[in-house]
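Chemist: Pasting in a structure now, in structure tokens, and then I'll have a few things to ask.
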Amino acid sequence: MRAWVLLSAVLWYLTGVGWQRSSESTKRGFIYGKPGHPVKIYVKLHHHSPILVCMDLKHAEIETVDPTYRWIGPNEKPLTANYRINKTKTGKLMVKDFLEPLSGLYTCTLSYKTIKAQTQEEKMVKQRYDFMLFAYREPDYSYQMAVRFTTKSCVGRYNDLLFRVLKKILDNLISDLSCQIVEPSYKCHFVKLPKHGLLNELFIAFQVNPFAPGWKGACSDTIDCEDVTNHNILQARDRIEEFFRSQANIFYHDFNKTIPAMHFVDHSFQVIRMDSCRPGFGKNEGLHSNCATCCVVCSPGTFSPDVDVTCQTCISIRTYGAKSCP
């Protein structure tokens, strides 16, 4: 029996008994430096960084004589090629499998010569480029939902029975998605409608999150678990929304003669997405305007111990992605 049919039967019974993002434009998929201005780049956790070029667009479009490139990493030491650092002889850099501690300032110095054609006089020129790389991850989604049902009276056991049946139906709708209904509650209020008398209505609220017991099992084959959990929670949202839409359809098609005392209030369904960040990450629209919706790694001097979206201050922290304050 479909969930909306089941709820309708209960109502009748109750009635009868009562991207990778960056601050700079790219060319051919590369990110170029900008003299005098750090370029902010956001790299998704466990993904590769874009290709950084130790040159600005102006220099890229002209010839460069005897260029050399020197990259310095966040630890202020020269970067050497390894399984994670990919460097080329033409000044390009890519960081593989990006992690929180890899965040920070990457500096490259371009050295080249200018030669006077008449005298063959050589002059060495140096130009520095700064790239600020930040690890980020997508926020974890959850949804706060609200809905209303009419009721015959604000007193009696049938309101509680409807509430419990509704929660059970919704749990069953999304159980295969590793999602769950949490913090359900309801209150009964008197509502005065224009040109109508007083009505008793149940104001029902609940939250849907993707962390039902055993939720990690759905992520066993993937590193970016939030991609899986967010996909599941979006499906759960759509199913619940369709369920309440069907309640309105049933009301109009089946209850055209006799309106039950307890029924779904059309257009009362409301849903709001709420974001949370994993420990070590937070949101900061002022600091990271190009990644305002991202959970960006907490910078040195800050930390995040829980699923809050804000990195808290802790001046003793010197690393990226701190989850506690010593």
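Chemist: Filter the cross-link list 87/323; 34/113; 89/323; 34/77; 92/123 down to pairs whose alpha-carbon distance in this structure exceeds 26 Å.
Modeler: Details: 87/323 31 Å; 34/113 20 Å; 89/323 38 Å; 34/77 22 Å; 92/123 24 Å.
As for pairs spanning more than 26 Å Cα to Cα, those are 87/323; 89/323.
Chemist: What percent does the relative contact order of the stretch 33-137 come to when contacts are Cα pairs within less than 8 Å and at least six residues apart?
Modeler: 40 percent
Chemist: Just to be sure I understand the curve: with the Debye formula and one point per C-alpha of the stretch 277-326, what is log10 I(q)/I(0) at q = 0.17, 0.29 Å⁻¹?
Modeler: -0.39, -1.01
Chemist: When you have a sec, figure out the Kirkwood radius of the stretch 153-312 from all distinct Cα pair distances and drop it here in Å to one decimal?
Modeler: Details: mean 1/r = 0.0531 Å⁻¹.
Here the Kirkwood hydrodynamic radius works out to 18.8 Å.
Chemist: For the stretch 33-137, count the residues as N, evaluate 2.2 N^0.38 Å, and divide the Cα radius of gyration by that value, please.
Modeler: Dividing the Cα Rg of the stretch 33-137 by 2.2 N^0.38 Å gives 1.18.
Chemist: Using the 10 angstrom Cβ neighbour count as an exposure proxy, how do 71, 215 rank, fewest first?
Modeler: Numbers: 71 21, 215 18.
So the residues, fewest neighbours to most, are 215, 71.
Chemist: Using volume of the Cα convex hull per residue in Å³ as the read-out, say which of (i) 189; (ii) 204; (iii) 161 was calculated from these coordinates.
Modeler: Among (i) 189; (ii) 204; (iii) 161, the one calculated here is (ii).
Chemist: Taking the chain as a whole, which cysteines find no other cysteine Cβ under 4.7 angstrom from their Cβ?
Modeler: 179
Chemist: For the stretch 141-244, what is the relative contact order in percent, using Cα pairs closer than 8 Å and at least 6 residues apart in sequence?
Modeler: Normalised by residue count, the contact order of the stretch 141-244 is 36 percent.
Chemist: A further question on this structure: Quickly estimate the mean residue ellipticity at 222 nm for the chain, helices only: each DSSP H run with n ≥ 4 gives -39500 (n - 2.57), and the total goes over all residues, rounded to 500.
Modeler: Using -39500 (n - 2.57) per qualifying helix, the result is -6500 deg cm²/dmol.
Chemist: Among 95, 264, 204, flag the residue with its Cα farthest along the positive direction of the charge dipole of the chain, charges on Cβ as +1 for Lys/Arg and -1 for Asp/Glu.
Modeler: Of the candidates, 95 comes out farthest on the positive side.
Bear in mind these aren't lab numbers, they're just calculated from the coordinates by the rules spelled out. Only a predicted model underlies this, so the values are computations on that prediction, with no experimental measurement involved. Don't worry about glycine lacking a Cβ; one is built from the backbone with ideal geometry, like all the others, and counts go over all protein chains shown.
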